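Just so it is clear, none of the values below were taken in a lab; they were calculated from the coordinates. Here the structure is a predicted model, which is why all the values come from computation and not from measurement. Counting neighbours? That spans all protein chains shown, and the Cβs are built from the backbone with ideal geometry, glycine included.
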Amino acid sequence: MSEYLRLPPRIKVLEALGALADGRVEVLGDKEAIVRSSDGTRTYRVYLDVSRREVDSTDNGTVHRGYIGYPIIAFLMMKGLLPVNEELMKSLRGIPWRKLNEEYKNYAKVIDVIIKERKLDENAVNKYIDQVMAMLRRMNLKRVQKYNEVSEE
């Protein structure tokens with residue numbers, strides 16, 4: 001069974017960049033990685049076959065909501081298939097994404113809070129997100145089920 005994944009909420013691009021900034025992406029091989037959550041309570045398995053445009057991940061967004069989850073985006077960034085804004089990445093170190101998402105229950109509000117707290121250039125942030133989203137749209141990624149469950153570790 002396979003299905004094309006939708007584009008993620010915009011915040012997932014920043015979450016992926018934050019995972020890189022915090023060193024939470026462990027590449028296991030050419031097609032597999034493990035990504036730890038921002039609070040360290042969960043690990044997500046990620047599968048990526050670029051030539052076939054096939055992916056899988058055990059994060060909630062990919063499994064239950066049908067969009068490209070941030071662990072997939074982070075792995076694509078690690079592999080050099082999506083751009084990494086080094087300056088922005090450094091600014092996103094140590095952000096408790098899960099805590100903020102649960103606290104505000106609104107992704108746009110969380111982005112606003114992070115931009116204000118970290119004194120980021122809102123236009124530059126949005127331009128970077130737009131660039132990554134356009135590339136993800138062109139990739140047209142399809143989910144192939146490699147893993148059976150959502151990670152709750």
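Quick notes
- Just one of the listed residues (Val27, Val50) is farther than 23 Å from Arg138 by Cα, among the hydrophobic types (A, V, I, L, M, F, W, C) and over 11 Å from the mean Cα position of the chain (by Cα), and it is Val27.
- For segment 73-104, the set of residues classified as closer than 14 Å to Arg10 by Cα and either free of Cβ contacts under 8 Å to residues at least 12 places away in the same chain or not polar (S, T, N, Q) (or both) consists of Ile73, Ala74, Trp97, listed by residue number.
- Among the residues of segment 29-36, some residue qualifies, meaning at least one is within 18 Å of Val132 (Cβ to Cβ) and β-branched (Val, Ile, Thr).
- Only a single item in (1) in contact with a helix residue (DSSP H, G or I) (Cβ under 6 Å, 6 or more places away or on another chain); (2) part of a helix (DSSP H, G or I); (3) not aliphatic (A, V, I, L, M) is not met by Ser51, and it is number (1).
- Any chance Val13 is closer than 20 Å to Asp130 by Cβ, among the β-branched types (Val, Ile, Thr) and assigned to a helix (DSSP H, G or I): yes
- Residue in segment 27-44 that is nearest to Tyr147 (Cα to Cα), counting only those that are of a type in the set (D, E, K, R), surrounded by fewer than 19 Cβ atoms within 10 Å (Cβ to Cβ) and touching a Lys or Arg at 6+ places or on another chain (Cβ under 8 Å): Glu32
- Reported count of residues in segment 1-21, each being buried (at least 17 other Cβ atoms within 10 Å of the Cβ) and more than 13 Å from the chain's Cα centre (by Cα), is 1.
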